[in-house]
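Here's the structure, in structure tokens; my notes come after.
The values are calculated or read from the model by the stated rules, or taken from the named source; none is laboratory data. Only a predicted model underlies this, so the values are computations on that prediction, with no experimental measurement involved. FYI the Cβ positions are ideal-geometry reconstructions off the backbone, even for glycines, and counts take in every protein chain you see. Ligands, DNA and RNA are stripped out before the accessible areas are found, and what is left, the full protein with its side chains, is counted by its heavy atoms. Shrake-Rupley method; radii C 1.70, N 1.55, O 1.52, S 1.80 Å.
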Amino acid sequence: MGRIRFGRASVLLIAGLYFVTPLLSTLWFTVDNSPSGFSLDAYRQIFTVPGLWPALQLSLLLALGTIALVFLLLIPTVVAVRLGSPRLRTVVELTCTLPLVVPSIALTAGISTVLRWCNDNLAPTPFYRTFLLTQNGTFPVVLLLAYVVMALPLAFRTLDAGMRALDVRTLLEAAQNNGASRGRAIVTVILPNMRTALLNTAFLTLALVLGEFTVASILGYVPFAVWIVNGNSAGQGPVTVAVSIVSLLLTWLLLLVLSAGGQRRGGGAPAGS
Amino acid sequence: MSTAPLSATPARRRLRKAAAGRLAVAPLLVFVALAFGVPAVAMAFGAFTTYNPGQPSQYTMGNITASLHGGYLDSLLGSVKLSALSALIGVVAGLLLAQAVVTSRFKMLRTAVLSASGVLANFGGVPLAFAFITTLGNAGMLTTRLHLDQHGWSLYSFDGLTLVYLYFLIPLMVLSVIPSLDGLRRQWREAAQNNGATTWQYWRHVALPVLTPSLLGGFVLLFGTAFAAYATAAAMVGASVPLITLQIATALSGNVSADATNVALAMSLDMVVIATLVMVVYLPLQRRSARWLV
């Protein structure tokens, strides 16, 4: 027994070193102002550095849109799958797993091909304005669509696992026997019962959109993650590193609070798959 | 829809339910067909055609052939090699860490590790690249303090990238293997011990065989993630290591030539083929491990 505990301690120690060292040395990098010593300038500049707020705003807007669309598409689906036939489940599961097979860079390649085709062929038609509108820099619908596609696999699994923990059929029938319509029963009875799974889904989607770099950078938009990289190569070194560290720690803290709150109910699925 | 379900005959009820189910699922299917299907088909079509502005496109195998030769092939193989190696290390390290966390008495440790894993596995990308550049990059904290560069260390190499990738692969493995470790019954271990088995024998003959499907599934998941990773490498400007995602991005950005765009589509198709193979292995494994560990 003593040997096992020793092994566990050393595994935890090595893992701790590996995972904490880069974070600590990055923190050090942001507060160490070589000739003059310790300084919090990098963190003070977070509030004034140009471009950060628009980029963050774009990311948050996109995240909100993505979460809303994911819920709108998936909640009826998950209910239907739970009540419906096994064949329906297979179809939906397959549909939601498909995006995993196409890496985001390949999806981006496909999207840019479609955009190129539209650009070449739609110019003389009245659709051209709609087409340009979907690529509007303040709210690029193209990115929104891509993010929903990318969020589908994880979101479906999380919501489905949350739904499985409920006896949906009985809840629905009870509500309907009391005179509620089906839609009303879903909104007022089913959804509140799976708030952990909903919260988890929303949060994982938020993390995905905030951290997404591939699609946005190749299609030429500047949300949060792209701004950080651009800013760093434009010589704003310590500030952008400080921003990225703060965002990482904030995200972690949020998830910590979330999982502590959700621990009492077994409804939520673990992150990952 | 709001009629009392009890009044209908069972057969009609079932029919109506099936119709309602299809109706509820329809928006999702339409959305995926548009937002995912259209780009995917465009990519596949572009991989087999030429592109000249103003001229009709022609069918060709040239893009695919080009994507499987020379520098492009090197980057495809480089990606496969990097993903396989880092996934292998990630599986072993992730299993050890997950086991240490699961058997620990501290509940807080489990919560902290799980939530940190969620962040690192999903949000790693760019911040991760910076963390490693400031730690182990050319002028990094550890590089200069420990004079690692004199020992031939470079972050922008195959080994360096492997070390960085493990930073999000290990958390991913921890997340995907913890449910299976939780499923290992205490009684199995006790039964083995009562029969005189050592810890090693218990792992060799009981735990590992039960865990095998989820370990293989974890490997495949890690491989796929590492294979598709782009942000970290791009932010590290690791152009010294040939990776297929970096190649595709360069070709798409249009700095090379118009032809290169369609070769990028062909490379994307190569990636999809490999990722599909990976998923074909992964899904049945996941189902099998689910059967064992209810």
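Structural remarks
- For the peptides A:12-24, A:109-121, B:270-282, the ranking by packing is A:109-121, B:270-282, A:12-24, with the highest mean count of neighbouring Cβ atoms within 10 Å listed first.
- In the elastic network of chain B, a GNM with C-alpha springs shorter than 10 Å, the most mobile of B:158, B:132, B:31 is B:31.
- Two tests apply to each whole DSSP H helix in chain A, Cα reach of 20 Å or more along its axis and mean Kyte-Doolittle hydropathy of at least -1.0, and the ones passing both are A:2-31, A:52-83, A:86-101, A:104-122, A:141-164, A:195-211, A:237-261.
- Secondary-structure-derived ellipticity at 222 nm for chain B, considering helices only, amounts to -24000 deg cm²/dmol, per-run term -39500 (n - 2.57) for DSSP H runs with n ≥ 4.
- Accessible surface of residue A:48 - all protein chains present, 1.4 Å probe, nearest 10 Å²: 110
- Per residue of A:239-251, other chain Cβ atoms within 10 Å of the residue Cβ number 4 on average.
- Where a label projected 7 Å from the Cα of residue B:57 along Cα→Cβ would reach, residues of segment A:209-224 with amide N under 19 Å: A:219
- Cα-based shape type of segment B:49-107, given that a ≥ b ≥ c are square roots of the gyration tensor eigenvalues and the cut on a/c is 1.5: prolate
- Couplings 3J(HN,Hα) of segment A:123-130, computed from phi: 3, x, 8, x, 5, 4, 5, 4 Hz, in residue order, whole Hz [Karplus 6.51 cos²θ - 1.76 cosθ + 1.60, θ = phi - 60°; x for Gly and Pro].
- Average partner coverage of A:13-25, which counts Cβ from other chains inside 10 Å: 5
- Long-range amide H partners of residue B:49 with built H, under 5 Å: B:60
- Scoring A:203-216, A:138-151 by mean Cβ neighbours within 10 Å over their residues and listing the highest first yields A:203-216, A:138-151.
- Average partner coverage of A:26-32, which counts Cβ from other chains inside 10 Å: 4
- Additional length obtainable on full extension of the chain from residue B:186 to residue B:12, 0.36 nm per residue less Cα span: 57.8 nm
- Mean residue ellipticity at 222 nm, helices only, chain A: -24500 deg cm²/dmol; runs of at least 4 DSSP H residues each add -39,500 (n - 2.57), and the sum is divided by the number of residues.
- Highest-first arrangement of B:188-195, A:62-69, where packing means the average Cβ count within 10 Å: A:62-69, B:188-195
- Between the residues B:197, A:228, B:82, the greatest Cα displacement towards the positive end of the dipole of the protein assembly as shown, with unit charges on the Cβ of Lys, Arg, Asp and Glu, is found for B:197.
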